1. Considering (1) farther than 18 Å from GLU26 by Cβ; (2) under 13 Å from the mean Cα position of the chain (by Cα); (3) not in a strand (DSSP E or B), say which one ARG81 fails and leave the rest.
2. Any residue in the range 99-109 that is assigned to a helix (DSSP H, G or I), out of contact with any strand residue (DSSP E or B) (no Cβ under 6 Å at 6 or more places or on another chain) and under 20 Å from HIS134 (Cα atoms)?
3. Out of (1) assigned to a helix (DSSP H, G or I); (2) open to solvent by less than 60 Å² (accessible area, probe 1.4 Å), the odd one out for GLY176 is which?
4. If you go through the range 91-111, how many residues are among the aromatic types (Phe, Trp, Tyr) and surrounded by fewer than 24 Cβ atoms within 10 Å (Cβ to Cβ)?
5. Given (1) hydrophobic (A, V, I, L, M, F, W, C); (2) out of contact with any strand residue (DSSP E or B) (no Cβ under 8 Å at 6 or more places or on another chain); (3) open to solvent by less than 100 Å² (accessible area, probe 1.4 Å), identify the lone condition not met by PHE86.
6. Which is open to solvent by 60 Å² or more (accessible area, probe 1.4 Å) and either at pLDDT below 95 or of a type outside the set (A, V, I, L, M, F, W, C) (or both), of ASP49, ASP10?
7. So, of the residues in the range 121-139 that are closer than 16 Å to LEU77 by Cβ and outside any loop (DSSP other than H, G, I, E, B), which turns out to be most open to solvent (accessible area, probe 1.4 Å)?
8. Among the residues of the range 52-83 satisfying the criterion of being of a type in the set (Ser, Thr, Tyr) and under 16 Å from LYS22 (Cβ atoms), which is surrounded by the most Cβ atoms within 10 Å (Cβ to Cβ)?
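The values are calculated or read from the model by the stated rules, or taken from the named source; none is laboratory data. Just so it is clear, the model here is predicted, and its values are computed rather than measured. FYI the Cβ positions are ideal-geometry reconstructions off the backbone, even for glycines, and counts take in every protein chain you see. All accessible areas refer to the heavy atoms of the entire protein, side chains included, with ligands and DNA or RNA removed. Shrake-Rupley method; radii C 1.70, N 1.55, O 1.52, S 1.80 Å.
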Amino acid sequence: DYLKRHGVWDQLVHKTPAPAEKKWIETNHRPSYIHSIIEACERAPAILDGGDTLVTNQSYEAALYAVGACLMGVDDLMNNRVPSVFCAVRPPGHHAEYAEAMGFCLFNNVAIAARYAIDRYALQRIFVLDFDVHQGNGTHHSFYEDHYVYFCSIHQWPLYPGIGAAEDRGRGLAKGYTLNIPLPA
């Protein structure tokens, strides 16, 4: 409504994504974990992570579309169809770990999109900025040892999920490729 009232809405390119192929989700998530999400949705409603992440029988399909939107955004950027992309997707993604749903997140959309850009377009330098009240632990862990992706998280500290200290800077060849900026409330 705000964007429409201020004349911005009509300046945007609105797109409807296709669902992501499972092979792209497997670049950042264990296949058995993906299968567990499918099973949880088939027996829905189900709670995945001790209370935060509830799924319905349509959650897996919604998650495929969320990832698909991010992959479409990468394609549109790389093929110069648009100058920038913003994917307003649910479920969100930055808390989803390799084999664990967390904080309302099933799949780590931005991590999958970054891996897609690396695999599909041979990119070797990607910057992920996670600006949220919560540290993006799933994305943090996805790239903690990956020197192709520089991960920066700006978040409130201390707060859920309990990681994201300024001293956490990456490991191995990726030492220095993680930047946590913990801020007070």
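1. (2)
2. Here is the first cut: in the range 99-109, the residues assigned to a helix (DSSP H, G or I) are 109.
So of that shortlist, the ones also out of contact with any strand residue (DSSP E or B) (no Cβ under 6 Å at 6 or more places or on another chain) come out as 109.
Still in the running and under 20 Å from HIS134 (Cα atoms): 109.
Scanning the range 99-109 turns up at least one residue that is assigned to a helix (DSSP H, G or I), out of contact with any strand residue (DSSP E or B) (no Cβ under 6 Å at 6 or more places or on another chain) and under 20 Å from HIS134 (Cα atoms).
3. (1)
4. Step one: of the range 91-111, the residues among the aromatic types (Phe, Trp, Tyr) are 98, 104, 107.
Those left that are additionally surrounded by fewer than 24 Cβ atoms within 10 Å (Cβ to Cβ): 98, 104.
Here the count works out to 2.
5. With respect to (1) hydrophobic (A, V, I, L, M, F, W, C); (2) out of contact with any strand residue (DSSP E or B) (no Cβ under 8 Å at 6 or more places or on another chain); (3) open to solvent by less than 100 Å² (accessible area, probe 1.4 Å), PHE86 is out only on (3).
6. Values: ASP49 fails: open to solvent by 60 Å² or more (accessible area, probe 1.4 Å).
Checking each option against the conditions leaves just ASP10.
7. Per the stated criteria, the residue is PHE127.
8. Step one: filter the range 52-83 for residues of a type in the set (Ser, Thr, Tyr), giving 53, 56, 59-60, 65.
Pick out the ones that are also under 16 Å from LYS22 (Cβ atoms) and you get 59-60, 65.
Numbers: SER59: 23, TYR60: 20, TYR65: 17.
The residue in question is SER59.
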